[in-house]
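The values are calculated or read from the model by the stated rules, or taken from the named source; none is laboratory data. Here the structure is a predicted model, which means the values were calculated and not measured. Neighbour counts are summed over all protein chains in view; Cβ atoms, including those assigned to glycine, are modelled from backbone coordinates with ideal geometry. Please note that ligands, DNA and RNA were not included when accessible areas were found on the heavy atoms of the full protein model with its side chains. Shrake-Rupley method; radii C 1.70, N 1.55, O 1.52, S 1.80 Å.
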Amino acid sequence: MALRIDIVTIFPAMLHGPFSESIIKRALDRGLVQINLVDLRDYARGKHRQVDDAPYGGGRGMIFKPEPLFEAVEDLKKESGAAAQVVLLTPRGRLFNQAMACQMAQQEHLILLCGRYEGVDERVCTQLVDEEISIGDYVLAGGELAAAVVAEAVIRLVPGLLDEEALAEESFAGSLLEYPQYTRPPVYRGMAVPEILLSGNHAEIAHWRRRQSLRRTFEKRPDLLKDAKLTPEEELFLKQLAEDQQ
Ligand code: ADE
């Protein structure tokens, strides 16, 4: 069954671009995913269709009111009839990663709520939302671009879209950074492609690539190494890298 993703926002037009190109478009065209951009104002009441209000207790800015968000989510859940995972995009959420994308790609229905302003009424966070997600330790003007990031990471994992073997390899490589890649020409402006890649020796190439991944991860993202599945030989290689650094 196709994965349904509803994105609830006060700026639906912000999300027309990201879903009309490339791999996401292919997933949509092939019916593997369905994306609905839901205008939160459609669920707002009154002449001004107000979605926000001042915070109780005082303070800066405006807060999303609970009623439109509750009513939107209830409506969307009823429409799909499937168990939905409700996610709020917010800088105070759990840091998004590949494992979370994999988990979300298994769902039938995702509802992504894009926060704005100074925040969202806490009753939405505690009673309506299953998970708060942040895409990084910086503050965006709202959750729309974060929702696009999450949706793209999830959609490329939807079964039937990409080569399953490549995805499996990606998840096996898991917590290591990618090794360097080259294509023709073999020498460009005096910069040569590493000899080994031209050797045709597949075992040695695989070994070299793995070492490059380890080295890169060690240099740029040592925090990832604690989750990596390493052979004793690779552990030793890392130990040597650490010693060389001293
Ligand atoms: N909204 C504002 N900043 C955000 C972030 N870093 N991640 C998710 N949603 C956000």
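Which one is nearest to residue 99 (Cα to Cα) among residues in segment 173-200 that are open to solvent by 40 Å² or more (accessible area, probe 1.4 Å) and of a type in the set (Ser, Thr, Tyr)?
Restricting to residues being open to solvent by 40 Å² or more (accessible area, probe 1.4 Å) and of a type in the set (Ser, Thr, Tyr), the top hit is 179.
Of everything in segment 180-206, what is in a loop (DSSP other than H, G, I, E, B) and in contact with a helix residue (DSSP H, G or I) (Cβ under 8 Å, 6 or more places away or on another chain)? Give them in sequence order. If you could, list the steps in order and put the result at the bottom.
In the first step, residues of segment 180-206 are kept if they are in a loop (DSSP other than H, G, I, E, B); the result is 180-186, 189-190, 193-194, 199-201.
Passing the criteria: 180, 182, 186, 194, 199.
Just to be sure I understand, how many residues within segment 126-165 are within 14 Å of residue 94 (Cβ to Cβ) and more than 13 Å from the ligand (Cβ to nearest atom)?
Counting residues in segment 126-165 that are within 14 Å of residue 94 (Cβ to Cβ) and more than 13 Å from the ligand (Cβ to nearest atom) gives 1.
Check every one of the strands (runs of 3 or more DSSP E) wholly within segment 57-162 and list those with 3 or more residues that are surrounded by fewer than 19 Cβ atoms within 10 Å (Cβ to Cβ), outside the structural domain of residue 41 (by TED's automatic domain parsing) and in contact with a Pro (Cβ under 7 Å, 6 or more places away or on another chain).
Values: elements: 84-95, 109-114, 131-134.
Ranges flagged: none.
Among the numbered conditions (1) farther than 26 Å from residue 71 by Cα; (2) in contact with a Gly (Cβ under 9 Å, 6 or more places away or on another chain); (3) touching a residue at least 60 places away in the same chain (Cβ under 8 Å), tell me where residue 158 comes up short.
Of (1) farther than 26 Å from residue 71 by Cα; (2) in contact with a Gly (Cβ under 9 Å, 6 or more places away or on another chain); (3) touching a residue at least 60 places away in the same chain (Cβ under 8 Å), only one is false for residue 158: (2).
For segment 41-56, which residues satisfy the criterion of being farther than 14 Å from residue 117 by Cα and either open to solvent by less than 50 Å² (accessible area, probe 1.4 Å) or more than 30 Å from the chain's Cα centre (by Cα) (or both)? Walk me through how you get there before you give the answer.
Here is the first cut: in segment 41-56, the ones farther than 14 Å from residue 117 by Cα are 41-49, 56.
Residues satisfying the conditions are 43, 44, 45, 46, 47, 48, 49, 56.
Which residues, counting only those in segment 52-91, are closer than 23 Å to residue 35 by Cβ, within 16 Å of the ligand (Cβ to nearest atom) and among the aliphatic types (A, V, I, L, M)?
Passing the criteria: 69, 86, 87, 88, 89.
For the structure I just gave you, tell me whether residue 217 is farther than 21 Å from residue 181 by Cα, of a type in the set (S, T, N, Q) and open to solvent by less than 100 Å² (accessible area, probe 1.4 Å).
no
If the Cβ limit is 7 Å and pairs must be 6+ apart or interchain, which residue in segment 193-222 that is assigned by TED's automatic domain parsing to the domain that holds residue 236 pairs with which residue that is outside any helix (DSSP H, G or I) and among the hydrophobic types (A, V, I, L, M, F, W, C)?
What qualifies is 213/176; 213/177; 214/176; 216/177; 217/176; 217/177; 220/177; 221/177.
Could you check segment 182-239 and list, in sequence order, the residues that are within 18 Å of residue 169 (Cα to Cα) and of a type in the set (S, T, N, Q)?
212, 213, 217, 231, listed by residue number.
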